[in-house]
Amino acid sequence: MRALVYTAPGHVELQDVDEPVANEGEVVVQVKASGICGSELHGFRHVGFRVPPLVMGHEFAGVTTDGRRVAVNPLVACGECDLCRRARPYLCRTRAVLGIHRPGAFAERVVVPEELLCDLPADLSFEAGAVVEPLANGVHAWGLVRADEPERVAVVGGGTIGLVCLLVAKRNGAHVTVVDLAPERLEWAERLGADRTAVSLDGEYDAVFDAVGAGPTRAASVAALRPGGTAVWLGLLAPEPGFDALDLVRMEKRVTGSFAYTRQEFAEAAELARTTDVSWAQSFPLEAAADVFMELADGRTDVVKALVRP
Ligand SMILES: [Zn+2]
Ligand SMILES: [Zn+2]
């Protein structure tokens with residue numbers, strides 16, 4: 001079968017690879033749409049979690065060999081440890097992600113543990129199904145602040161993760177400011193319901209979502225909190241914390257990371273996708289995937305979310 005293979009740092013290419021074989025408890029999914037994630041654009045140039053040769057792709061939807069239309073939760077956990085038993089498989093110490101630690105979905109077919117299949121609502125397209133994974137990140141991030149009932153919310157970064165945070169915050173009735181330097185991203189944020197857009201973070205907020213993850217955006221996300229507010233960090237650009245620790249102590253501000261989602265949050269995201277505008281996702285054939293990948297990595301295109309359609 002054909003697959004887009006990450007062959008060496010900075011390189012992806014379309015190759016013929018062996019057909020994947022399902023073991024017990026696994027199924028083969030024919031991939032219909034698979035989103036290119038910002039973490040892949042960054043990760044394939046920096047030596048780290050992804051080891052070539054690798055078929056990436058962890059945001060996807062498709063059809064099983066027996067005809068089920070599914071979105072796939074890409075997070076594989078042990079299912080037995082203390083955290084898995086407490087319904088937190090995303091924190092499992094031995095977690096693995098399809099497309100990072102195992103072959104992913106930039107291919108015609110992919111092997112998936114059966115328990116990770118999430119049935120697509122009948123009226124949901126495969127494109128929308130591929131957006132369930134990023135949406136689930138937004139559902140989880142909101143869950144970390146839900147108990148505070150945040151009203152004034154800021155989202156730093158108007159890429160896919162920033163937009164899903166915006167969408168979920170709006171569903172929950174918040175007044176949302178989206179911050180980004182790129183005017184076309186702020187336009188998308190406005191189309192998707194942002195109450196205000198800005199090129200830098202000003203004002204005071206009950207919760208700030210940092211979907212960039214650089215030292216300066218982290219510092220700003222904490223500085224702009226009201227006393228007792230929470231900064232939720234989803235971005236993974238750089239390791240620097242950036243914030244003023246004394247401010248954290250004196251104002252009881254909180255900072256939490258947000259990574260992945262529970263099975264239930266993934267299912268909630270599939271439901272949410274039914275009534276969400278996903279016109280910011282644009283499809284490309286597998287043959288074009290290598291070019292699209294490089295264009296995105298080089299910042300030569302302003303496509304928010306590119307979907308590969310094998
Ligand atoms: Zn992703
Ligand atoms: Zn576990």
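Summary table
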| read-out | value |
| --- | --- |
| When residues of segment 12-42 are limited to those that are farther than 27 Å from G67 by Cβ and assigned to a strand (DSSP E or B), the one nearest to ligand 2 (Cβ to nearest atom) | V12 |
| Selection within segment 91-126 - closer than 20 Å to Y261 by Cα and of a type in the set (D, E) | E114, E115, D119 |
| Any chance D195 is modelled with pLDDT of 95 or more and within 29 Å of A77 (Cβ to Cβ) | no |
| Selection within segment 188-205 - part of a strand (DSSP E or B) and β-branched (V, I, T) | T197 |
| Elements of type strands (runs of 3 or more DSSP E) in segment 216-310, at least 1 residues being in contact with a strand residue (DSSP E or B) (Cβ under 9 Å, 6 or more places away or on another chain), of a type outside the set (A, V, I, L, M) and within 28 Å of L124 (Cβ to Cβ) | 281-285, 305-309 |
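Residue-by-condition table, conditions (1) within 15 Å of ligand 1 (Cβ to nearest atom); (2) in the same structural domain as R102 (by TED's automatic domain parsing); (3) modelled with pLDDT under 95:
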| residue | (1), (2), (3) |
| --- | --- |
| Q15 | no, yes, no |
| N23 | no, yes, no |
| Q30 | no, yes, no |
| I36 | yes, yes, no |
| H46 | no, yes, yes |
| P52 | no, yes, yes |
| H58 | yes, yes, no |
| G62 | no, yes, no |
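The values are calculated or read from the model by the stated rules, or taken from the named source; none is laboratory data. Keep in mind it's a predicted model, so treat the numbers as computed, not measured. Because the Cβ atoms are built from the backbone with ideal geometry, glycine has one as well, and the counts that use them run over all protein chains shown.
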